[in-house]
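The values are calculated or read from the model by the stated rules, or taken from the named source; none is laboratory data. The structure displayed is predicted, hence computed values, not measured ones. So basically every Cβ, Gly included, is an ideal-geometry build from the backbone, and we count neighbours across all protein chains shown.
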Amino acid sequence: MIYLDNNATTIIDPLILDEIHHTELHFYGNPSSIHSMGQLAKQKLLKANRDLAAFFGVKSEEIFFTSGATEGLNMVLRGFFNHCKRGHLITTSLEHEAVYQTAKALEIDGIEVTYLDPEPGEGAILPHQVRDALRPTTRCIALMWANNETGALTPLEEIAELALRANIPLLVDGVAYFGKEQFFLPEGVTACCLSGHKIHAGKGIGVTILKKSMSIEPIITGGAQQWGKRGGTENLPAIAGFALACELIKQNGEKDFEKIRFLRDYFEAKILKTLSNASINFGGNRVSNVSNLSFEGISGETMLIALDQAKIAASHGSACSSGALEPSRVLLNMGLPRKRVLSSVRFSLSRMTNLEEIEEACKIIKIIIKKLN
Ligand code: PLP
């Protein structure tokens, strides 16, 4: 299989799998237990916590372990509005469902929500749009650093500066950004949610950075773990895996990101050169690993099935409850014509993608398009 669906999930790194396995076998105590096996596990947990805090440039008490970014985003958004009860939230119409549907649920609970649409030709929200949407009642801004469908980058530094000046908490969905570009958390970011399975670290683990300045009510109540903000025994093997994934990003990130970008650009150049009906859906400022293309006259769904039969994994829109594929809300909200949206396919690469796979994928795509045309 040529796996080009890394924004859905990534293949686990064998080194990380070893670390998870090792931790499961040798650090099986509950970190909350007072006996020596518990204390051994606690030391391992504290080390992962310290390493991650140093990596992200925050305090240990500002690192929270979750089951993934969906939980992290819920923990911050719901936890924050449960704390302040009312007010206004600024978000965007381009968010992943984890934020979008949570904002919709908050609206039902009486929170006022503004969903900003991108300006024509843009793939992300601009700082002046956020500034213009601010109200005296605005309590929080929640947006993604990079879009998972197009890779479009939000000008985060400017928005963070604006949030800092206005003294409004800024929650960032960092899932599609982290592990694709150098990570540096701007000062005005109050919370940032990340996911392990998008960085080769396995499923069911996420990290949420939550600055002390942002108060939340816990949405998972239980034991006093994680400073009482997220009850439940910590998933130590997965946490150790996440910490190692970050260490690998620290060691190799720069050259990995360069390689991924080179392969993505090479892929797009080759596809555009050989296929006259192909176009890039967002070619602006974006992360290294995403290529969202449309193939005029061909349904994205048909294309995906043909790709799968030819052993290439890619994606298109999102599955609705019937299992059929819905046109992408993100591309529609960017103003792309419905027909073009319906003919779109997202290819997403990772550090495990290689040149031979890209060459092979280009050949196969060319054959498929000729057949379907
Ligand atoms: N945010 C973005 C941008 C995503 O792409 C995803 C997953 O696809 C999520 C949030 C949710 O992450 P998780 O699968 O860890 O819950």
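Can Ala124 be described as more than 30 Å from Gly241 (Cα to Cα), out of contact with any Leu (no Cβ under 8 Å at 6 or more places or on another chain) and within 16 Å of the ligand (Cβ to nearest atom)? Step through it out loud before you land on a result.
On the way: more than 30 Å from Gly241 (Cα to Cα): yes; out of contact with any Leu (no Cβ under 8 Å at 6 or more places or on another chain): no; within 16 Å of the ligand (Cβ to nearest atom): yes.
In short, no.
Examine segment 290-313 for a residue that is closer than 17 Å to Asn148 by Cα, polar (S, T, N, Q) and touching a Ser or Thr at 6+ places or on another chain (Cβ under 6 Å), and state whether such a residue exists.
Yes, segment 290-313 contains at least one residue that is closer than 17 Å to Asn148 by Cα, polar (S, T, N, Q) and touching a Ser or Thr at 6+ places or on another chain (Cβ under 6 Å).
Between Ala142, Ala124, which is in a loop (DSSP other than H, G, I, E, B) and of a type outside the set (Lys, Arg)?
Numbers: Ala142 fails: in a loop (DSSP other than H, G, I, E, B).
The unique qualifying residue is Ala124.
Scan segment 1-46 residue by residue and report those that are under 30 Å from Asn148 (Cβ atoms), away from the ligand (no atom under 16 Å from the Cβ) and assigned to a loop (DSSP other than H, G, I, E, B).
Met1, Asp13
Since Tyr100 meets every condition but one in (1) closer than 29 Å to Trp227 by Cβ; (2) of a type outside the set (Val, Ile, Thr); (3) under 12 Å from the mean Cα position of the chain (by Cα), which condition does it not meet?
Tyr100 satisfies all of (1) closer than 29 Å to Trp227 by Cβ; (2) of a type outside the set (Val, Ile, Thr); (3) under 12 Å from the mean Cα position of the chain (by Cα) except (3).
What pairs can you find where one residue is in segment 104-126 and under 21 Å from Asn74 (Cβ atoms), the other is modelled with pLDDT under 95, and their Cβ atoms are less than 7 Å apart, with a gap of 6+ or different chains?
Gly110/Arg86; Ile111/Arg86
May I ask you to list pairs of residues, at least six apart or on different chains, whose Cβ atoms are under 7 Å apart, with the first in segment 14-39 being farther than 14 Å from Thr233 by Cα and the second being among the charged types (D, E, K, R) and at pLDDT 95 or above?
Every condition considered, the pairs that remain are Thr23/Lys44.
Please work out which one of (1) in a loop (DSSP other than H, G, I, E, B); (2) within 16 Å of the ligand (Cβ to nearest atom); (3) of a type in the set (A, V, I, L, M, F, W, C) is the condition Leu77 fails and give its number.
(1)
Out of Lys273, Lys255, Lys250, Lys212, report the one residue that is of a type in the set (Lys, Arg), surrounded by fewer than 17 Cβ atoms within 10 Å (Cβ to Cβ) and not in a helix (DSSP H, G or I). I'd like the intermediate steps shown before the answer.
Numbers: Lys273 fails: not in a helix (DSSP H, G or I); Lys255 fails: not in a helix (DSSP H, G or I); Lys250 fails: not in a helix (DSSP H, G or I).
Testing whether each residue is of a type in the set (Lys, Arg), surrounded by fewer than 17 Cβ atoms within 10 Å (Cβ to Cβ) and not in a helix (DSSP H, G or I) leaves just Lys212.
Looking only at segment 94-124, which residues are under 10 Å from Met334 (Cα atoms) and buried (at least 17 other Cβ atoms within 10 Å of the Cβ)?
Leu94, Pro118, Glu122, Gly123, Ala124
As an exercise: evaluate Leu156 against (1) of a type in the set (A, V, I, L, M, F, W, C); (2) more than 19 Å from Leu52 (Cβ to Cβ); (3) within 13 Å of the ligand (Cβ to nearest atom) and give the number of the one condition it does not meet.
Result: Leu156 fails condition (3) only.
Those residues that are touching a Pro at 6+ places or on another chain (Cβ under 9 Å) and within 16 Å of the ligand (Cβ to nearest atom), I need them from segment 190-204; list them, please. Spell out how you get there, then give the answer.
So in segment 190-204, the residues touching a Pro at 6+ places or on another chain (Cβ under 9 Å) come out as 190-191, 202.
The answer is Ala191, Gly202.
I'm trying to understand the selection: among the residues of segment 184-200, which are closer than 26 Å to Ile11 by Cα, part of a loop (DSSP other than H, G, I, E, B) and touching a Ser or Thr at 6+ places or on another chain (Cβ under 8 Å)?
Residues satisfying the conditions are Ile199, His200.
Restricting attention to segment 80-103, which residues are within 16 Å of the ligand (Cβ to nearest atom), of a type in the set (Val, Ile, Thr) and touching a residue at least 40 places away in the same chain (Cβ under 8 Å)?
Let us first name the residues in segment 80-103 that are within 16 Å of the ligand (Cβ to nearest atom), namely 91-103.
Filter once more, keeping what is of a type in the set (Val, Ile, Thr): 91-92, 99, 102.
Across segment 80-103, the qualifying residues are Thr91, Thr92, Val99.
Identify, please: which residue in segment 166-183 is assigned to a loop (DSSP other than H, G, I, E, B) and under 17 Å from Leu134 (Cβ atoms) and is, among those, farthest from the ligand (Cβ to nearest atom)?
Residues of segment 166-183 that are assigned to a loop (DSSP other than H, G, I, E, B), as a first pass: 167-169, 174-177, 179-180, 182-183.
Restricting the remaining residues to those that are under 17 Å from Leu134 (Cβ atoms) gives 167-169.
Numbers: Asn167: 26, Ile168: 21, Pro169: 18 Å.
The selected residue is Asn167.
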